[in-house]
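None of the figures in this text is laboratory data; all of them are computed from the coordinates on show. Predicted, not measured: the structure shown is a model, and the values here were computed from it. Here Cβ is always computed from backbone atoms with ideal geometry, including for glycine, and neighbour counts include all displayed protein chains.
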Amino acid sequence: MKDVPFTFELNKPDFIPTEYYNHIKRSLSAMKGQFWDREAYNRLLAIEDIVLYEVYEIKRPEMAGELLHGISIVHPGKVGEEYFMTKGHFHTVLETAEVYYCQKGQGVMVMETPEGDWAVEPLNPGRVLYVLPRWAHRSVNTSSEEDLVTFFVYPGNAGHDYGTIEEHGFRKMVIDRNGRPTITDNPRWSAPDRRK
Ligand code: F6R
Ligand code: ZN
């Protein structure tokens, strides 16, 4: 890990950082239960366990005062009518925010709070998204051709709670309806216990 100030570049066309510590690939099998159309999910998985998204992480200590950052790349595609997306999570330390800066592609961020508020905001090149503390977040690629590439930054002590979303889902989902991204209620959503 660097102990002096450092720079790196995000190389076009793919925006892969010139230096990174970790390259995570999440494939279809890691998203079991998250897509609404289970038959479409199983059909696709039977053909191939394709990679849905990738994350390049820059190494920093996971502690308050540090900023964890990197690049997230969601590939284009759909499971049934539902676009490829990230697992999504709350931060374990709920009162921690995150900034996303979209470099490439077209998509949305689906967000919600434990209190029941929800929001879906666009991601397109040049757009900055501020995810408030307490808001779970999932990026969705609504393009049929291009990767959705975002640069993210969040506090080193945030941590990730994937379990709540894995178990209960997001309230809203984004599906392709007649060729247009459409926000609908997620029929598989269930109410989690209220968190503090
Ligand atoms: C970190 C963060 C992003 C995501 C990335 C992949 O707090 O929000 O770096 O980790 O977009 O999504 P998940 O982590 O939900 O698989
Ligand atoms: Zn996050």
So the number of lysine pairs in the chain with alpha-carbon atoms under 13 angstrom apart, 8 or more residues apart or on different chains, is 4
Within a Cβ distance under 9 Å of ASP185, other residues only, what is the Lys/Arg minus Asp/Glu net charge?
-> +2
Selected from VAL93, VAL79, VAL174 as most flexible by GNM, with the chain as the system and alpha-carbon contacts under 10 Å | VAL93
Out of LEU148, LEU123, LEU94, a Gaussian network model of the chain with alpha-carbon springs under 10 Å gives the largest mean-square fluctuation to LEU94
What are the chymotrypsin sites (Phe, Trp or Tyr not before Pro) within region 1-99 that DSSP puts in a loop, where the Cβ has at most 16 other Cβ atoms within 10 Å?
-> PHE6, PHE8, TYR20, TYR21
For region 1-62 and region 152-196, distance of Cα centres in Å | 18 Å
Which value in deg cm²/dmol, rounded to the nearest 500, describes the helix-derived mean residue ellipticity at 222 nm for the chain, given -39,500 (n - 2.57) per DSSP H run of n ≥ 4 and division by the residue count?
-> -2000 deg cm²/dmol
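Using alpha-carbon pairs under 8 Å, 6+ residues apart, how would you state the relative contact order of the chain in percent?
22 percent
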Under unit Cβ charges (Lys, Arg +1; Asp, Glu -1), what dipole magnitude, rounded to 20 debye, does the chain have relative to its Cα centre?
-> 240 debye
With N denoting the number of residues in the chain, provide Rg(C-alpha) divided by 2.2 N^0.38 Å, to two decimal places.
-> 1.00
Lys and Arg at +1, Asp and Glu at -1: add these up for the other residues within a Cβ distance under 9 Å of LYS172 and post the number.
-> -1
Identify which of VAL51, VAL140, VAL120 has the largest mean-square fluctuation in a Gaussian network model of the chain, with springs joining Cα atoms closer than 10 Å.
-> VAL51
Segment HIS75-ASP193, length gained on full extension (0.36 nm per residue, minus Cα span) = 39.2 nm
So which GluC sites (Glu not before Pro) in region 1-60 are both in a DSSP loop and have at most 14 other Cβ atoms within 10 Å of their Cβ?
-> GLU9, GLU19, GLU48
Under a plain spin-label model, where a point goes 7 Å from the Cα along Cα-to-Cβ, how far apart in nm are ARG127 and ASP14?
-> 2.5 nm
